[in-house]
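Here's the structure we're looking at; comments come further down.
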Amino acid sequence: FVLLCVLNMYILNVQLNDKVCVCLTSFSYASWLLTELNVKQYVFIATLATCSEAQSYCRTHHTDLAMIENEAENSAVKQLIPVGVNVWIGLYRVPWSWSDKSPSLFRRWVSSEPNNNGGIQNCVCENTAHMWGDETCSGTKVFICERGDY
Ligand SMILES: [Ca+2]
């Protein structure tokens with residue numbers, strides 16, 4: 001895999017005459033490869049849905065709602081969300097766990113969250129600053145699915 005990345009960088013450098021932006025391009029391509037091969041792929045779905053509608057859509061058409069378990073996956077998700085948009089991700093209340101019931105260790109809470117406003121905020125949304133907050137599951141938002149072989 002490392003060899004592939006180096007080879008890829010070399011080819012891009014040759015094709016694009018060694019400009020600085022070439023290195024950046026090949027680096028982001030490398031991190032996309034890493035995400036795809038070693039972790040999972042994320043897909044942005046631009047359809048408004050409640051949290052449970054979003055979950056069933058993802059389970060039907062992909063694997064599940066997005067589960068974000070480390071910084072690399074967090075960056076991969078960030079790249080998909082348009083500016084100013086909030087999305088559902090697959091994280092649920094106490095004990096905080098992912099859509100597949102695995103425990104959540106990686107967190108990106110807004111400092112005032114999770115506040116369980118009204119005692120009914122059991123689902124999690126990623127805001128436009130890419131931080132998380134608990135929200136009422138019946139609200140409608142666009143969302144991120146994931147797919148992968150894991
Ligand atoms: Ca909240």
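Quick notes
- Full-stretch length increase - Thr136, Ser111 - with 0.36 nm per residue and alpha-carbon distance subtracted: 7.2 nm
- Net charge over other residues, Cβ less than 15 angstrom from the Cβ of Glu113 (K, R count +1; D, E count -1): 0
- The range 35-147: C-alpha gyration tensor shape, a/c 1.5 cut-off, then a/b vs b/c: rounded
Here, each number is a calculation from the coordinates, and none is a lab measurement. These numbers come from a predicted model, not from an experiment. With ideal geometry, Cβ positions are generated from the backbone for all residues, glycine too; neighbour counts draw on all protein chains shown.
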